[in-house]
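In what follows, a single structure is set out as C-alpha cells and then discussed.
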Amino acid sequence: MFALVGLGNPERRYTGTRHNIGFEVADNLAIRLHCSFREGRGEFMFARGSASDVDLLIVKPLTYMNESGIAVSEIQEQFELQADHILVVCDDFQLPLGQLRLRLRGSDGGHNGLYSIIYQLQTDEFPRLRCGIGSSSMPVDKNRMADFVLDTFTADERPTVETMIRNAAEACLIAATEGMTPAMNRFNTRQQSENDSPASS
C-alpha cells in the first residue's frame, strides 16, 4: 500500500486557499480513482483506490496544518506503512506558482505541516511533493506570509492552479506505481503552463 497525503485545513472557510492545495490534489486523486472519502479511525478522512495493481490510500488530515503529523502518525500505525510509502503533498511559497518539486526526503523547509510530520514520525525519510504557490502578490514582510497562504488564489491564478493540481495528481500516481525516480524526472522541471502540461488529464 502507498499513502498519498494532501495537507490542508478542514474548515469550509479554508477551501480554495493557497495553504489547502494538498487537499485539492487529494480530491482530484479521489475523482480519478473513483473513490470517496470517509472518516478514519482518527483525525483524518481517507479514500481507498488502486492504480496499476497498487493499493492506494488518499488521506486528508483533520488536525489543521500545524498538527498534520498526528494524522500521518495514525495512518502509518493503522495501515502499517513504512515512511517511504507515505507521499506528502503540500504548498510551497518559495516555488513559483504552478511549479512542482518532488523529493525523497529532507527538512521541513519552514513548512509547519512538514515540521509536524517529521516530529511525529521521528524521521524526515518520507517523500514529499511541493506545489508552488509563489506569486508577485506575496508580501515583502515575511510576518504577513500567514495572511498570504490563507488567502484564496486570484481569478487570474486559478487556471495555472488547476493545471498544477492535475499535474500533481499525475505525479503522485506515477510515484506510487512506477517509483519516485520516474516521477521526479518527469515533473521536477521548469514551471508548466496549461499548454505545456505533462499530464494528459
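Any read-out appearing in this document is the output of simple, stated calculations on the displayed coordinates, not a laboratory observation. All of these numbers come straight from a predicted model, not from anything done at the bench. A quick note on method: Cβ atoms are made from the backbone with ideal geometry, for glycine too, and the neighbour counts reach across all protein chains shown.
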Expected vector for segment 43-59, Karplus 3J(HN,Hα) from phi with 6.51, -1.76, 1.60 and θ = phi - 60°, integer Hz, x for Gly and Pro, equals 8, 7, 9, 8, 9, 10, x, 8, 8, 6, 6, 9, 6, 10, 10, 9, 10
Residues whose modelled amide H sits under 5 Å from the amide H of Leu95, counting only those 5 or more places away in sequence or on another chain, are Ile133, Gly134
Given the candidates Tyr119, Pro159, Phe44, the one whose Cα lies deepest towards the positive end of the charge dipole of the chain, counting +1 at each Lys or Arg C-beta and -1 at each Asp or Glu C-beta, is Pro159
If N is the residue count of the chain, its Cα Rg over 2.2 N^0.38 Å rounds to 0.93
A correct Karplus calculation of ³J(HN,Hα) over segment 85-90, with 6.51 cos²θ - 1.76 cosθ + 1.60, θ = phi - 60°, whole Hz and x for Gly and Pro, returns 10, 10, 9, 9, 10, 8
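Given contacts defined as C-alpha pairs under 8 Å and at least six residues apart, what's the relative contact order of segment 28-117, whole-number percent? Write down the numbers at each step before the final one.
Working: 98 pairs, mean separation 20.9, N = 90.
Reported as a whole number, the value is 23 percent.
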Note on the chain: contact order normalised by length, alpha-carbon pairs under 8 Å, 6 or more apart, percent, works out to 24 percent
